[in-house]
Amino acid sequence: MSTDTTASVSTHILDTSAGRPAEGVAVRLSARAGREADWRELGGSATDADGRCKDLPAPPEGTTHVRLDFAVEAYFEETAKKQADAQQDAPANRDSGAAFFPEVAITFAVNPGEHYHVPLLLNPFGYSVYRGS
């Protein structure tokens, strides 16, 4: 929950290659107070069945920048394994199911008292983010 002196952050991930939420992706949140300050890891969570992280830690007072680190490689490996198991007689895909980007790190500026929802639109070969609501 946000107060007048802190920001709050939430995120969700949509796997655009599958057309559904990305479940089970580990997400870590770090913060710093000023662009020259060191990053401080605050903790993390994993996406639920709706692709949402509802319990990320609140950045401390004085935070000016936040970084979300998404560990997507394991998600794509698991997704590829499930697809292979479900389609064992289907022709082999042209790739191994490994993600081109094994990690996605998103850094953004924050202001006290504001909420920042940062959705990640993800596929094995690219991603995009935006400030949501």
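The values are calculated or read from the model by the stated rules, or taken from the named source; none is laboratory data. What you are looking at is a predicted structure, and each value in this text was computed from that prediction instead of being measured. FYI the Cβ positions are ideal-geometry reconstructions off the backbone, even for glycines, and counts take in every protein chain you see.
Quick rundown of the values:
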{"read-out": "Flag if THR3 is of a type in the set (Val, Ile, Thr) and modelled with pLDDT under 95", "value": "yes"}
{"read-out": "Members of region 21-43 found to be touching a Leu at 6+ places or on another chain (Cβ under 9 Å), small (Gly, Ala, Ser) and on the phi < 0 side of the Ramachandran plot, listed by number", "value": "ALA22, SER30, ALA31"}
{"read-out": "Region 58-69: number of residues that are surrounded by 15 or more Cβ atoms within 10 Å (Cβ to Cβ) and assigned to a loop (DSSP other than H, G, I, E, B)", "value": "4"}
{"read-out": "Some residue of region 9-27 being crowded, with 20+ Cβ neighbours inside 10 Å and not in a strand (DSSP E or B)", "value": "yes"}
{"read-out": "Inter-residue pairs, beta-carbon under 9 Å, first without any contact (Cβ under 8 Å) to a residue 24 or more places away in the chain and in region 107-122, second of a type in the set (D, E, K, R), 6+ apart", "value": "none"}
{"read-out": "Residue list for region 28-47, restricted to those being more than 24 Å from ALA99 (Cβ to Cβ) and part of a strand (DSSP E or B)", "value": "ALA31, ARG32, ARG40, LEU42"}
{"read-out": "Single unsatisfied condition, PHE76 versus (1) touching a His at 6+ places or on another chain (Cβ under 9 Å); (2) at pLDDT below 95; (3) crowded, with 17+ Cβ neighbours inside 10 Å", "value": "(1)"}
